[in-house]
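Q: Submitted below is the structure of interest, expressed as structure tokens.
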Amino acid sequence: MEVLGHFIFELLKITILGFFYSTILYFIYKIIPESKKPEWIKKWLKSKKTLWLYISLSLLFYMFTPYGNHGLGDSARIPVSFTKEISNINWEEYGRLNGIESSEGNDIESTQFKVENNMICGNLNSGFYDYKNSYFIYDLDTEKLQEFKTEKEYNEFASNKNLPKSSELKSFKENYSEYWSGWRFFLLP
């Protein structure tokens, strides 16, 4: 039920955003002199309703791309690359780095993490798994995972590589709010 309610809200938001974007583009189109308008645009923009439909469908499509999907209902996600994400269900304290396994072969779960310089830095803390190491760094470019036994080891490495120290890591809720707030919240579905 939560997913359906959130999806209906998103459809309403897309409708409103489509109206605003199509209105702005339509008035820009009207300002351009008739002789400078390409023929394909004239056919495409015969009416504001057509433009609204194209923009709304584009926003709906964007909502289901890896960078537009923030989760529906009780699930939440933060995209960290085109193929990788950190997900959460029911707003628990654990964020799951999907598709990446620890040295023990378990999925990576973390209560504190931060994405910086195309690296995901975080603690290895799970309500389900017991990890032998305490911290990790995952390089999104090389797709390599490095684990650290202690906080001290992690902080030394992070200092040398100009990465966030353990005290700078944030919870899933803080990372989610930081990523999806501001212009993304108001201008995208």
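Q: Can you pull out every residue in region 55-66 that is within 11 Å of the chain's Cα centre (by Cα) and surrounded by 13 or more Cβ atoms within 10 Å (Cβ to Cβ)?
A: Result: Met63, Pro66.
Q: Then there's this: Against the conditions (1) closer than 23 Å to Ile89 by Cα; (2) exposed (fewer than 13 other Cβ atoms within 10 Å of the Cβ), where does Ser134 fall short? Just the number, please.
A: It fails just one condition, (2).
Q: Within region 15-54, restricting attention to residues that are surrounded by 14 or more Cβ atoms within 10 Å (Cβ to Cβ) and of a type in the set (A, V, I, L, M, F, W, C), which residue is farthest from Pro189 (Cα to Cα)?
A: So the residue we want is Leu45.
Q: Check off (1) among the polar types (S, T, N, Q); (2) at pLDDT 90 or above; (3) exposed (fewer than 13 other Cβ atoms within 10 Å of the Cβ); (4) out of contact with any Asp or Glu (no Cβ under 9 Å at 6 or more places or on another chain) for Ser181 and give me the number that stays unchecked.
A: The single condition Ser181 does not satisfy is (2).
Q: Sticking with this one: Restricting the first residue to region 143-156 and requiring it to be within 26 Å of Glu85 (Cβ to Cβ), which pairs with a second residue that is of a type outside the set (Lys, Arg) and surrounded by fewer than 13 Cβ atoms within 10 Å (Cβ to Cβ) meet a Cβ separation below 9 Å and a spacing of at least six or different chains?
A: Pairs found: Leu145/Glu101.
Q: Does region 5-15 contain at least one residue that is over 30 Å from Asn133 (Cβ atoms), part of a helix (DSSP H, G or I) and more than 21 Å from the chain's Cα centre (by Cα)?
A: yes
Q: Restricting attention to region 118-134, which residues are at pLDDT 90 or above and more than 12 Å from Lys149 (Cα to Cα)?
A: Across region 118-134, the qualifying residues are Asn118, Met119, Ile120, Cys121, Gly122.
Q: Turning to a different aspect of this structure: Taking region 80-102 only, how many residues are open to solvent by 50 Å² or more (accessible area, probe 1.4 Å), within 19 Å of Gly127 (Cβ to Cβ), in contact with a strand residue (DSSP E or B) (Cβ under 9 Å, 6 or more places away or on another chain) and of a type outside the set (Val, Ile, Thr)?
A: Qualifying residue count for the region: 5.
Q: Of the conditions (1) in contact with a Phe, Trp or Tyr (Cβ under 8 Å, 6 or more places away or on another chain); (2) free of Cβ contacts under 8 Å to residues at least 24 places away in the same chain; (3) open to solvent by less than 40 Å² (accessible area, probe 1.4 Å); (4) under 28 Å from Lys13 (Cα atoms), Arg77 clears all except one; give me its number.
A: For Arg77, the failing item is (1).
Q: While we're here: Please identify the pairs in which a residue from region 42-62 that is at pLDDT 80 or above has its Cβ atom under 7 Å from the Cβ atom of a residue that is assigned to a helix (DSSP H, G or I) and aliphatic (A, V, I, L, M), counting only partners at least 6 apart or on another chain.
A: Listed pairs, sorted by first residue: Leu51/Leu25; Ser56/Ile14; Leu59/Ile14; Leu59/Leu17; Leu60/Ile14.
The values are calculated or read from the model by the stated rules, or taken from the named source; none is laboratory data. From a predicted model like this one, the values you see are computed outputs, not experimental measurements. Don't worry about glycine lacking a Cβ; one is built from the backbone with ideal geometry, like all the others, and counts go over all protein chains shown. Accessible surface is based on the protein model in full, side chains and every heavy atom, while ligands, DNA and RNA are left aside. Shrake-Rupley method; radii C 1.70, N 1.55, O 1.52, S 1.80 Å.
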